[in-house]
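First up is the structure itself, then whatever we jot down about it.
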Amino acid sequence: MDNSEVARVFDRIADLLQIRDEPIYRVLAYRRAAESLRSLTQPVDQLWQEGNLEEIPAVGKAISEKINELLTTGRLQFYDRLTSEVPETLLDLLKVPDVGPKRIARFWKELGITTLEELEQAGRRGQLQTLSGMGEQTEKRILQNIESIKAQQSDRVSIDTAWNLASTFLKQLEELPGVVDAQIAGSLRRGRETIGDLDFVVASTETLHIIQKIMELPDVQKVISHGDTKVSIELKQGMRAQVWLHSPERFGSALQYATGSQSHNVKLRELALSQGLSLSEYGFKREDGTEILCPDELSVYGALGLPWIAPELREDRGEIQAASRGALPALVEEGDFKGEVHAHTDWSDGSSSILEMSEAAMEMGLTYLVISDHSASLGVANGLSVERLRSQREEIRAVQKKLGKRIRLLQGTEVEILADGRLDYADSILAELDFVVASVHLSMRQSKEKIMARYISAVQNPHVDLIGHPSGRLIGRRDPIDLDMEVLLKEASNSGIALEINAHPDRLDLNENNAKRAIELGCKLVVTTDAHSPDNFQLRRFGIGISRRAWVPAESIINTWPVDRFLKWVKSRT
DNA sequence: GCCGTTTTCGGCCCGACTGTTTTCAGTCG
């Protein structure tokens, strides 16, 4: 069982306990443990073997015993007992908005409902409104919500889809007369790899008027709720969004609040309380009732004696403690990048010429670009034979001549790690190249042993500089390769090879947990776009988000280094 | 059920909005 599977068990326990109306703090303890397991960078079974389960935050005696039982037997008696009392199918009902544990318990006990289908049928028959405290409106709403979750295939969208939607809507918000400031908040601002709904904060002195105007915006398909400080809407593709409205002098606390995460906010509010302050989206309240207003986020954190904490770190993974010790990592920013080391051209499966890609890289402010087209075995991507690889070198030289000193063009490759563990080019060919990315695109379903043997031989090849998209996953479409990430990262650390954070929104590979572990083990990283067209260079922001969420110090990302230092590092590898 | 430079027991964030309530419960973030 891996970390997320164990976490899932505890999440389900929390849900079942809540339906059973157990004390809320018991429920929250299981939720916190699940969240903690999800953000754990090491495999939980490693900590288990070392006897260190209770070192996991939010895991105490009771939960560590349950993890022990799960990892030993693959089952959990406590869970089995729970599901023999509360039907597991009730958990599906939690996906329906406006349906929570209290209502589920009543549907089950008073109407005998145990499945989503039964809930829908009962709603159609008008049975839900017969319960006290429930009426026609609520029943109608629940039926509509069931419709809309059935229409949606997934409840989360990729980060670029969310980004595009949010950017367009943000512009509409900014253009409303009376809006002083507007910003994206929520999980999109924190850079999570997939996004459930969108959050915005608007600063204005005439919020009531603005709320009216927001509801009339062209992108708004449905208004879910609206009040004095908040409007909740549905945008295109069924994407839900919330907009919070506050006066400019409260904008900082509102933005901080709406950015979350929820558990970060809880920790921050607890810290505030310990200093005699109550924190909310309105600002701070002292015990005497007077307020501290925060027009920007700096003053929110500042009031608690903390430096500003970057949104990507706000996940309750120790960032508040680190901030108070002055130990936050120096995170990378867009402007830090000097080079792109993974990019394709129309020599393989890219859309554009070497010249077009080079010009686009220059426009992004980059000073070096590695052309790294696919190797011969990747036939579907028009991979380069040794002959074509050498001809390509001539064209790269010609383009370099044309562009002069404004950008340094380098020839690399994304060489295939073949099914038998050999690389697709001989070492003598790799030695002719400036930079070598080695990746797996073929035979991804091999056994873990075979996969690891392939990766380890690539990692130990002194000509290879970078392992591309190590897990091979495609978010929502293809599971990661069955590999032992801990072993791969340790091998990479030993050999000094770099690992990729591939910024493509379908990949984001390494993911944040693996990238964080890579840093803990002393690996070097790169953030690449794996660009197949000039506009793909824009995708780097998503990889930057992952690296920041992984607490990666900018210094560890080798394509932030100037070209001379970068080349010196490459040379030192062989 | 977890946790501790206020505590090993007694705490555990704060508010908006809806619908069904004559004062609030439930859900959500």
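Quick notes on this one:
- In this simple spin-label approximation, A:Leu94 and A:Lys571 carry label points 7 Å from Cα along the Cα→Cβ vector, and these lie 5.8 nm apart.
- Between A:Pro218, A:Ala203, A:Gln121, the Cα set farthest toward the positive side of the dipole of region A:90-241 (charges on each charged residue's Cβ, about the Cα centre) is that of A:Gln121.
- Nearest-ten-degree value, helix A:61-73 long axis tilted from longest Cα axis of chain A: 60
- Trypsin sites (Lys or Arg not before Pro) within region A:10-92, DSSP loop, no more than 14 other Cβ atoms inside 10 Å: A:Arg20, A:Arg75
- The antiparallel fraction among DSSP beta bridges confined to chain A stands at about 45%.
- Proximal lysines relative to A:Lys267, as straight alpha-carbon distance under 21 Å, when same-chain residues fewer than 8 apart are discounted: A:Lys285
- Virtual paramagnetic centre 7 Å along Cα→Cβ of A:Thr161, amide N under 13 Å, in region A:502-542: A:505-506
- Separation between Cα centres of region A:113-186 and region A:528-546, rounded to whole Å: 31
- Relative to the dominant Cα principal axis of chain A, helix A:540-549 is inclined by about 60°.
- For region A:291-365, trypsin sites (Lys or Arg not before Pro) meeting the loop criterion (DSSP other than H, G, I, E, B) and having at most 14 other Cβ atoms within 10 Å: A:Arg325.
- Nearest 10 degrees, 0 to 90: helix A:262-274 Cα axis against chain A principal axis: 70
- Cα-based reach from A:Lys490 at 21 Å (exclusive), listing lysines while leaving out same-chain residues under 8 positions away: A:Lys448, A:Lys450, A:Lys516, A:Lys524
- Gain upon complete extension [A:Ala398, A:Ala426; 0.36 nm per residue less C-alpha separation]: 7.5 nm
- Förster radius 41 Å - calculated FRET efficiency between A:Ser353 and A:Gln137, Cβ distance, rounded to 0.05: 0.10
- Helical runs (DSSP H, four residues minimum) scored at -39500 (n - 2.57) apiece and divided by the length of chain A put the mean residue ellipticity at 222 nm at -13000 deg cm²/dmol.
- Whole-Hz couplings from phi, Karplus 6.51/-1.76/1.60, listed for region A:466-480; x for Gly and Pro: 8, 9, x, 4, x, 7, x, 6, 10, 4, x, 10, 9, 5, x
- Spin-label pair A:Arg26/A:Met444, simplified geometry with 7 Å Cα→Cβ offset, distance in nm: 4.4
- Excluding same-chain neighbours fewer than eight residues apart, the lysines reachable from A:Lys405 by a Cα-Cα span under 18 Å are A:Lys338.
Read the figures in this text as sums done on the coordinates, not as results from a lab. All figures in this text were calculated on a predicted structure; none of them were measured in a lab. Virtual Cβ from ideal backbone geometry, glycine too; neighbours counted across all protein chains shown.
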